[in-house]
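Asker: Got a structure for you, questions after.
Bear in mind these aren't lab numbers, they're just calculated from the coordinates by the rules spelled out. From a predicted model like this one, the values you see are computed outputs, not experimental measurements. A quick note on method: Cβ atoms are made from the backbone with ideal geometry, for glycine too, and the neighbour counts reach across all protein chains shown.
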Amino acid sequence: MTFKPAPWPRKLRSQHWYGGTSRDAIYHRGWMKNQGYPHDLFDGRPVIGILDTWSDLTPCNGHLRELAEKVKAGIWEAGGFPVEVPVFSASENTFRPTAMMFRNLAAMAVEEAMRGQPIDGAVLLVGCDKTTPSLLMAAASTDLPSIVVTGGPMLNGYFRGERVGSGTHLWKFSEAVKAGEMTQDAFLEAEASMSRSTGTCNTMGTASTMASMAEALGMALSGNAAIPAVDSRRRVLAQMSGRRIVQMVKDDLKPSDIMTKVAFENAIRTNAAIGGSTNAVIHLLAIAGRVGVDLTLDDWDRAGRDVPTIVNLMPSGKYLMEEFFYAGGLPVVLKRLGEAGMLHRGALTVSGGAIWDEVRDVVNWNEDVILPAEKALAASGGIVVLRGNLAPRGAVLKPSAATPALMQHRGRAVVFEDIDDYKARIEDEALDIDETCVMVLKNCGPKGYPGMAEVGNMGLPPKVLRRGITDMVRISDARMSGTAYGTVVLHTAPEAAAGGPLAVVRDGDMIELDVAGRRLHLDVSDAELERRLASWTPSHERPESGYAWLHQAHVEGADTGADLDFLKGCRGSPVGKDSH
Ligand code: FES
């Protein structure tokens, strides 16, 4: 960690709009003054954009405008000038065909909102799954000083005396309904029990994972990830972040100073320790691609290997985010990694200091929530990267969410050409399938769906569920919700719609999964595989215009983060020409 603060005072980029007495300056200031801002606010103090992903249709972020008021208070206190800017909000539970298709659109829109307007630094007010990576990608591409404030998780859900987690129990209960073990009325009753306060999913799903990633990367104040949305300490943290960003601008502490290779390695190890979402793989690869860090899929396997999963939260474990917070939250996990030699202790954070200095003195208040290493949920909890003739560019599996007995498995493929084919046939009692089979789903990758939907954890056939079977090996080019679980091979690359080997798997082919050996193999000869690939023709729809066309034409594979090829890299934040 070698960060040297820039000299202060100096001229900031916002002064290119607001400084001086030119016609342009009066034009820019004058219109702002219609909101009642006094003249001295334009005197060269840091202008901080509060980039707010609030939306009524992003319910997980529905409380962010209240939080924005606390951020503003902190910015005012530190001598900055806060401006709240609503930005594209890619809601996980609303957007069709999938929010993931709009992560890059949001990142592009937010990047231009940052660069094209008179702000010197940003508070990224995020929460729901895609909002966190999209704004981090934008901040990385502009490299303006930025700090993440997440909305925090919902309170614990309880249904008939049992703890229920967002998403995780939705999958469980829907399987129970299919198996005839739960009534539809009870399912409806459970619905309200899962979402009893504002906030993001209360499991270690993608939202909580990405909040943890932001903290482990050093892009949020220590402790940010786990504070419940409705806890008063969440509002305190928002205010403190407002204060902090003003100093970050004065010091010129930028994302590229913080999000270095070692920071990404810290985040990868953290993801293993918390049993985090496989979606973090794609998002961190994309963020790294924006900030210019050479991060690969193999870094995930290498850095995460041998890191035990010690956070006992659903979907891998038992508890929810509220209990994680009471136990001490992410700082305890980072401390444990540091003690085990698995943390780059000197990595810089938004605090301006080393990550280790923020966590070295924290205490674990509940060893059933943050487990001792000998009681880890998985001894090696890092994301596994599989390769083989079925996934030449890689596929991923989350061991802490998988069934140990299935991690070495050979089975007969039952193939679904796309999600519609799966939905049409999965409940057919005549479907030739049993628990030894391998379910294969095609055309759900970044180009194929389009957008790479969270359908990789496809539900099991009812006739298998009724026999008490709860897991089977499933393989696809899709993603999986961070709240989901199972022996599920995801992100298979190249994807089927791009002509990857997944496209030519046929019913009855034998497939071998060997997690320990990192191998995913389609048991056909090289010559046969080549023959099939040579005669393959694309079957997915190709949009002819609009953003869907842009996405499909330019989206890259899951193995490099599924960003749009022309958006990769850091373009900085030049002030550009004036238009008046
Ligand atoms: Fe928005 Fe889970 S769906 S946080």
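Asker: Can you tell which of 484, 493 is in contact with a Phe, Trp or Tyr (Cβ under 6 Å, 6 or more places away or on another chain) and part of a loop (DSSP other than H, G, I, E, B)?
Answerer: None of the others qualify; the one that does is 484.
Asker: Continuing with this model, one more query. Could you tell me which of the residues 133, 145, 82, 153 is within 20 Å of residue 254 (Cβ to Cβ), within 13 Å of the ligand (Cβ to nearest atom) and either of a type outside the set (Gly, Ala, Ser) or surrounded by fewer than 19 Cβ atoms within 10 Å (Cβ to Cβ) (or both)?
Answerer: Being within 20 Å of residue 254 (Cβ to Cβ), within 13 Å of the ligand (Cβ to nearest atom) and either of a type outside the set (Gly, Ala, Ser) or surrounded by fewer than 19 Cβ atoms within 10 Å (Cβ to Cβ) (or both) holds for just one of 133, 145, 82, 153, which is 133.
Let's see how each residue does on (1) without any contact (Cβ under 8 Å) to a residue 12 or more places away in the chain; (2) in a helix (DSSP H, G or I); (3) within 16 Å of the ligand (Cβ to nearest atom):
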position: 191; (1), (2), (3): yes, yes, yes
position: 202; (1), (2), (3): no, no, yes
position: 238; (1), (2), (3): no, yes, no
position: 244; (1), (2), (3): no, yes, no
position: 253; (1), (2), (3): no, no, no
position: 263; (1), (2), (3): no, yes, no
position: 266; (1), (2), (3): no, yes, no
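Asker: Need the failing condition index for residue 178 against (1) crowded, with 24+ Cβ neighbours inside 10 Å; (2) away from the ligand (no atom under 11 Å from the Cβ); (3) not aromatic (Phe, Trp, Tyr), just the number.
Answerer: The failed condition is (1).
Asker: Residues of the stretch 37-67 being within 16 Å of the ligand (Cβ to nearest atom) and either assigned to a loop (DSSP other than H, G, I, E, B) or exposed (fewer than 15 other Cβ atoms within 10 Å of the Cβ) (or both), which ones?
Answerer: 53, 54, 55, 56, 57, 58, 62, 63
Asker: Still on this structure, I have one more. What are the pairs with Cβ atoms under 6 angstrom where one residue, in the stretch 48-61, is of a type in the set (Phe, Trp, Tyr) and the other, located anywhere, is more than 13 Å from the ligand (Cβ to nearest atom)? Sequence gap at least six, or different chains.
Answerer: 54/65
Asker: Please find, within the stretch 457-493, the residue that is surrounded by the most Cβ atoms within 10 Å (Cβ to Cβ) out of those that are under 25 Å from the mean Cα position of the chain (by Cα) and closer than 18 Å to residue 424 by Cβ.
Answerer: 476
Asker: Another question, then. Could you tell me which of the residues 207, 225, 216 is surrounded by 21 or more Cβ atoms within 10 Å (Cβ to Cβ), away from the ligand (no atom under 16 Å from the Cβ), small (Gly, Ala, Ser) and under 24 Å from residue 137 (Cα atoms)?
Answerer: Only one candidate passes the filter, namely 216.
Asker: Need the failing condition index for residue 265 against (1) within 30 Å of residue 402 (Cα to Cα); (2) of a type in the set (D, E, K, R); (3) in contact with a Phe, Trp or Tyr (Cβ under 6 Å, 6 or more places away or on another chain), just the number.
Answerer: If we test residue 265 against (1) within 30 Å of residue 402 (Cα to Cα); (2) of a type in the set (D, E, K, R); (3) in contact with a Phe, Trp or Tyr (Cβ under 6 Å, 6 or more places away or on another chain), just (3) comes out false.
Asker: Within the stretch 102-110, identify whether any single residue is of a type in the set (S, T, N, Q), closer than 23 Å to residue 143 by Cβ, in contact (Cβ under 8 Å) with a residue 40 or more places away in the chain and surrounded by 18 or more Cβ atoms within 10 Å (Cβ to Cβ), and answer yes or no.
Answerer: The answer is yes, given that some residue of the stretch 102-110 is of a type in the set (S, T, N, Q), closer than 23 Å to residue 143 by Cβ, in contact (Cβ under 8 Å) with a residue 40 or more places away in the chain and surrounded by 18 or more Cβ atoms within 10 Å (Cβ to Cβ).
Asker: Taking residue 531 and the conditions (1) among the basic types (Lys, Arg); (2) crowded, with 21+ Cβ neighbours inside 10 Å; (3) not in a loop (DSSP other than H, G, I, E, B), which numbered condition does it fall short on, given that it satisfies the others?
Answerer: (2)
Asker: May I ask you to verify whether residue 233 is without any contact (Cβ under 8 Å) to a residue 24 or more places away in the chain, basic (Lys, Arg) and either assigned to a loop (DSSP other than H, G, I, E, B) or closer than 22 Å to residue 328 by Cα (or both)?
Answerer: Considered against the rule, which asks whether it is without any contact (Cβ under 8 Å) to a residue 24 or more places away in the chain, basic (Lys, Arg) and either assigned to a loop (DSSP other than H, G, I, E, B) or closer than 22 Å to residue 328 by Cα (or both), residue 233 comes out as yes.
Asker: Which of the residues belonging to the stretch 337-366 are without any contact (Cβ under 8 Å) to a residue 12 or more places away in the chain and within 23 Å of residue 306 (Cα to Cα)?
Answerer: Correct list: 339, 341, 345.
Asker: Quick test for you: out of 166, 197, pick the one residue that is within 16 Å of the ligand (Cβ to nearest atom), part of a loop (DSSP other than H, G, I, E, B) and out of contact with any Gly (no Cβ under 9 Å at 6 or more places or on another chain).
Answerer: Just one listed residue meets the conditions, 197.
Asker: Have a look at 506, 479, 518, 474 and point out the one that is among the charged types (D, E, K, R), on the phi > 0 side of the Ramachandran plot and touching a residue at least 12 places away in the same chain (Cβ under 8 Å).
Answerer: Answer to the check: 518.
Asker: Mind listing whichever residues of the stretch 11-36 are more than 14 Å from residue 578 (Cα to Cα), part of a loop (DSSP other than H, G, I, E, B) and within 37 Å of the chain's Cα centre (by Cα)?
Answerer: Result: 11, 12, 35.
Asker: A follow-up question, please. So if I check each of 479, 519, 466, 412, which one is of a type in the set (Lys, Arg), within 16 Å of the ligand (Cβ to nearest atom) and touching a Gly at 6+ places or on another chain (Cβ under 9 Å)?
Answerer: Criteria check complete, one pass: 479.
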